[in-house]
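The values are calculated or read from the model by the stated rules, or taken from the named source; none is laboratory data. None of the values given here were measured: they were computed from a predicted structure. So basically every Cβ, Gly included, is an ideal-geometry build from the backbone, and we count neighbours across all protein chains shown. Side chains included, ligands, DNA and RNA excluded: accessible areas come from the protein's heavy atoms. Shrake-Rupley method; radii C 1.70, N 1.55, O 1.52, S 1.80 Å.
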Amino acid sequence: VLPGLLEKTLERGWRAVVRASSRERVEALDTFLWTYREESFLPHAAAGDGEGQPVWLTDGDDAPNKPDILFLTDNASAEAKALGGLTRCVTIFDGRDEDALGAARRFWKEAKAAGHDVAYWKQSPEGRWEKQS
């Protein structure tokens with residue numbers, strides 16, 4: 001899911017930060033984004049490399065590329081009150097994992113309480129994304 005969302009992000013001319021839960025996951029994402037599809041290229045950098053890239057991978061709060069959108073993956077978290085400078089924040093989680101689902105629900109409630117517009121999208125069995133709320 002992440003590469004497709006990053007492609008759409010870049011098509012809009014936006015910059016993104018992808019936050020993962022550990023340095024190992026950042027390294028895995030870095031490798032994956034170079035190899036996920038042979039005919040595609042996603043310009044990105046992992047924390048410590050090329051801070052001017054449109055996609056920045058990190059396991060921390062750093063965002064040197066002035067992002068429009070923050071992607072939270074692998075149970076990474078963010079402070080809902082700190083999202084004000086972003087156009088969007090997207091939490092990607094496995095809905096079959098009860099801990100991840102609970103964390104996503106808590107974050108959704110915190111973001112809503114902080115005054116952000118929130119929405120929840122669910123993937124259908126056919127692979128389409130459907131807005132739930």
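Here are the numbers:
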{"read-out": "Local net charge near TRP56, Cβ-Cβ under 13 Å (Lys/Arg +1, Asp/Glu -1)", "value": "-4"}
{"read-out": "Sulfur and carbon atoms: percent of accessible area, the chain [1.4 Å]", "value": "47 percent"}
{"read-out": "Contact order normalised by residue count of the range 32-115, Cα under 8 Å, 6+ apart, percent", "value": "18 percent"}
{"read-out": "Where GluC sites (Glu not before Pro) fall in DSSP loop in the range 1-108, at most 16 other Cβ within 10 Å", "value": "GLU38, GLU39, GLU51, GLU79"}
{"read-out": "The chain, helix-only ellipticity at 222 nm - DSSP H runs n ≥ 4, -39,500 (n - 2.57), divided by all residues, nearest 500", "value": "-9500 deg cm²/dmol"}
{"read-out": "Cα centroid separation - the range 36-73 against the range 102-133, whole Å", "value": "23 Å"}
{"read-out": "Average accessible surface area per residue within the chain, 1.4 Å rolling probe, Å²", "value": "63 Å²"}
{"read-out": "Low-density loop cleavage sites - trypsin sites (Lys or Arg not before Pro) in the range 34-108, where at most 16 other Cβ are within 10 Å (DSSP)", "value": "ARG37, ARG96"}
{"read-out": "Spin-label model distance (nm) - VAL1 vs LYS131, 7 Å beyond Cα toward Cβ", "value": "1.7 nm"}
